[in-house]
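Note sheet for the following structure.
The values are calculated or read from the model by the stated rules, or taken from the named source; none is laboratory data. Just so it is clear, the model here is predicted, and its values are computed rather than measured. Cβ coordinates were reconstructed from backbone atoms using ideal geometry, including for glycine residues, and neighbour counts include every protein chain displayed. Please note that ligands, DNA and RNA were not included when accessible areas were found on the heavy atoms of the full protein model with its side chains. Shrake-Rupley method; radii C 1.70, N 1.55, O 1.52, S 1.80 Å.
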Amino acid sequence: MIEAGFPASSPGEMEAVSAIAREVRKPVICGLSRMVPRDIDACRRALEPARRKRLHMFLATSQIHREFKLKKDKRKSCTW
């Protein structure tokens, strides 16, 4: 498995991940994505030529992210 990059971060990164997806055939090619539609779509486009593909998604969960971005309290359970 190869973690090829973060396609949504820049046009160059998008092209690099796409080139790896086109050229490397045997391993699974992965793209990194935050859990936002824009990043997921960029990953999907970059990985399209890959024979075997996988999307790695992450969601930041620091105290600052929970309180201000996700509007979640640490004591409450998450219901995503």
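How many of the residues making up the range 1-14 are of a type outside the set (V, I, T) and either open to solvent by less than 50 Å² (accessible area, probe 1.4 Å) or in contact (Cβ under 8 Å) with a residue 24 or more places away in the chain (or both)?
9
If you filter the range 16-25 down to residues that are farther than 14 Å from D41 by Cα and in a helix (DSSP H, G or I), you find that the one that is most open to solvent (accessible area, probe 1.4 Å) is E23.
Would a scan of the range 28-37 turn up a residue that is in a helix (DSSP H, G or I), in contact with a helix residue (DSSP H, G or I) (Cβ under 6 Å, 6 or more places away or on another chain) and open to solvent by less than 40 Å² (accessible area, probe 1.4 Å)? No; the residues of the range 28-37 include none that is in a helix (DSSP H, G or I), in contact with a helix residue (DSSP H, G or I) (Cβ under 6 Å, 6 or more places away or on another chain) and open to solvent by less than 40 Å² (accessible area, probe 1.4 Å). Considering the range 57-80, the residues that are in contact with an Asp or Glu (Cβ under 9 Å, 6 or more places away or on another chain) and either open to solvent by 60 Å² or more (accessible area, probe 1.4 Å) or part of a loop (DSSP other than H, G, I, E, B) (or both) include one that is modelled with the lowest pLDDT, namely K74.
The residue of the range 1-39 that is farthest from the chain's Cα centre (by Cα), among those that are of a type in the set (D, E) and closer than 14 Å to F58 by Cα, is E3.
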